[in-house]
Amino acid sequence: MSDIVPIKLVCLDLAGTTVGDIATVERAFAEAIATQGIVPGTGAYARAMVHVHRSRGQPKIDVFRGIFPENEARAQAANLTFERAYEGALERSGLTPAPGIVEVLDKLRGSDIRLALLTGFSRTTLGRVLGILGWHDKIDLAISPEDAGGRGRPWPDMVLHAVLRLGIPDVRQVAVAGDSESHMLAGHRAGAVVVAGILTDSGHSRDRLVGGGATHVLPSVGALPELILSGDLGGARIPAPVR
């Protein structure tokens with residue numbers, strides 16, 4: 001008798017994994033830190049943008065707190081500018097879904113799998129993104145850190161919030177997918193049986209994904225349904241570190 005528990009919930013990252021707008025996000029970060037005196041061509045700017053990349057997937061306010069440690073006022077001001085800049089870019093240019101992602105969502109939902117989008121954006125920005133995408137009929141839930149008590153990735157709270165909200169009885173029925181180390185840490189800490197690292201042009205490397213706890217590393221998000229629906233969830237499993 002098989003001891004494999006079928007996946008009932010897939011938690012997907014938003015920016016970078018399902019929506020290919022990382023350049024827009026990074027421009028908004030650059031505009032935000034410029035208002036605080038950190039401008040291109042300086043060492044401070046280079047260090048800040050390295051921190052932005054390393055912190056992929058985390059709540060945006062936490063990223064700014066890392067850039068402006070011990071100065072909450074500057075972090076909050078930069079975060080407000082980020083949200084305004086990013087939302088302004090959305091209104092001007094819209095969003096580009098990742099290649100094949102609509103087919104991925106349809107295939108998973110067609111197999112009675114619940115879908116949750118998880119993001120480091122604020123609830124307000126998330127609402128704008130969902131309005132532009134028009135994916136309300138393709139997902140079951142969209143979660144920002146505010147929805148899960150304020151803690152975003154790498155904490156497991158958003159994944160566990162989705163489990164509770166959607167009535168999933170067992171964390172072994174959960175898969176988490178994203179393109180950064182913080183996504184892997186969140187899935188691993190939540191007890192998800194599948195923590196799939198997605199390789200993207202702007203995401204973290206295979207080594208960082210595995211180091212964060214990835215059980216599988218996929219060449220694109222388009223490979224996710226085959227993994228989830230195959231029932232062979234252990235075949236390519238990577239032992240996750242204890243964190």
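Here, each number is a calculation from the coordinates, and none is a lab measurement. Bear in mind that the values here come from a model prediction, so they are computed numbers and not experimental data. Glycine gets a Cβ as well: all are built from the backbone with ideal geometry, and neighbour counts include every protein chain shown.
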Report task. Using only Cα atoms, find the angle between the long axis of helix 157-166 and the longest principal axis of the chain, and express it within 0 to 90 degrees, rounded to the nearest 10. Result -> 50 degrees
Query raised in the report: Want the number for Leu229 to Val5: 0.36 nm per residue separation, take away the alpha-carbon distance, what's left?
Result: 79.5 nm
Report summary line: Between the modelled labels at Glu146 and Asp170 (7 Å from Cα along Cα→Cβ) the distance in nm is 3.6 nm
Query - Extreme residue, positive dipole direction of segment 1-84, given options Ala23, Ala48, Ile7 (C-beta unit charges) - result: Ala48
Query raised in the report: Once amide H atoms are built 1.01 Å from N in the peptide plane, which residues 5 or more positions from Val195, or in another chain, come under 5 Å H to H?
Result: Val176, Thr215, His216
Query raised in the report: Stretch Glu26-His53 to full length: gain in nm at 0.36 nm per residue minus the Cα-Cα span?
Result: 8.9 nm
Query raised in the report: Length gain on complete extension for the stretch Asp137 to Ser202, per 0.36 nm per residue less the alpha carbon to alpha carbon distance?
Result: 20.6 nm
Query raised in the report: Under the Karplus relation 6.51 cos²θ - 1.76 cosθ + 1.60, θ = phi - 60°, what is the ordered set of whole-Hz ³J(HN,Hα) values for segment 8-13, x standing for Gly and Pro?
Result: 10, 9, 10, 9, 10, 5
Report task. Positive end of the charge dipole of segment 111-242 (Lys, Arg +1 and Asp, Glu -1 on Cβ, about the Cα centre): tell me which of Pro156, Val194, Leu133 has its Cα farthest that way. Result -> Pro156
Query raised in the report: Computed FRET efficiency, Cβ-Cβ of Val102 and Ala44, R0 30 Å: what is it to the nearest 0.05?
Result: 0.15
Report summary line: Plugging the Cβ-Cβ distance of Glu70 and Leu130 into 1/(1 + (r/R0)^6) at R0 = 35 Å yields, to the nearest 0.05, a FRET efficiency of 0.50
Query raised in the report: For the chain, with only Lys/Arg (+1) and Asp/Glu (-1) charged at the beta-carbon, what is the dipole magnitude about the Cα centre, in debye rounded to 20?
Result: 380 debye
Report summary line: Computed over the chain: longest principal axis from alpha-carbon atoms vs helix 22-34 long axis, angle to nearest 10 degrees, is 30 degrees
Query raised in the report: So which GluC sites (Glu not before Pro) in segment 1-99 end up in coil per DSSP with only 10 or fewer other C-beta atoms within 10 Å?
Result: Glu70
Query raised in the report: Once both axes come from the Cα atoms, what is the angle between helix 181-190 and the longest principal axis of the chain, in degrees from 0 to 90, rounded to 10?
Result: 50 degrees
Report summary line: Over the Cα atoms of segment 35-187 the radius of gyration and the largest Cα-Cα distance (Dmax), both in Å, equal 16.7, 52
